[in-house]
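Visitor: Here you go, one structure.
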Amino acid sequence: MISDILFYIGIFFFFIGSIGMLTMKDFYTRVQSAGIADTIGIFTILLSFMIKSPDNIGKLVLIALLILIIEPVISHILAWGASRSDIKVGGKKK
């Protein structure tokens, strides 16, 4: 029961992140909304899986740690690449 609720909360965060990607005006806010919502969404889904299947908790914790390290790095690389391409806040180039 609890794991199902956590799973649907995670799906909700993914949905909110997708809406943020469509409604935000510039690249940087899109990266921020997607990065934060996806990280929260995947953690609640992984927590749901940990509750539902305690036999695989070690693997799920490892996946969670990798996501905790990789997702912010990917968001930073995307924003850094956009700034190097002269994409300014507001979506305009120089």
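Visitor: Any idea which of VAL73, VAL89 is part of a loop (DSSP other than H, G, I, E, B) and over 10 Å from the mean Cα position of the chain (by Cα)?
Guide: VAL89
Visitor: Counting just the residues of the range 39-55 that are in a helix (DSSP H, G or I) and loosely packed, with under 13 Cβ neighbours inside 10 Å, which one comes out nearest to the chain's Cα centre (by Cα)?
Guide: Filtering first and then ranking leaves PRO54.
We did not get these values from a lab; they are worked out from the coordinates using the rules stated. Please read these numbers as outputs of a predicted model, since none were measured by experiment. Cβ sites come from the backbone with ideal geometry, for glycine too, and all protein chains shown count toward neighbours.
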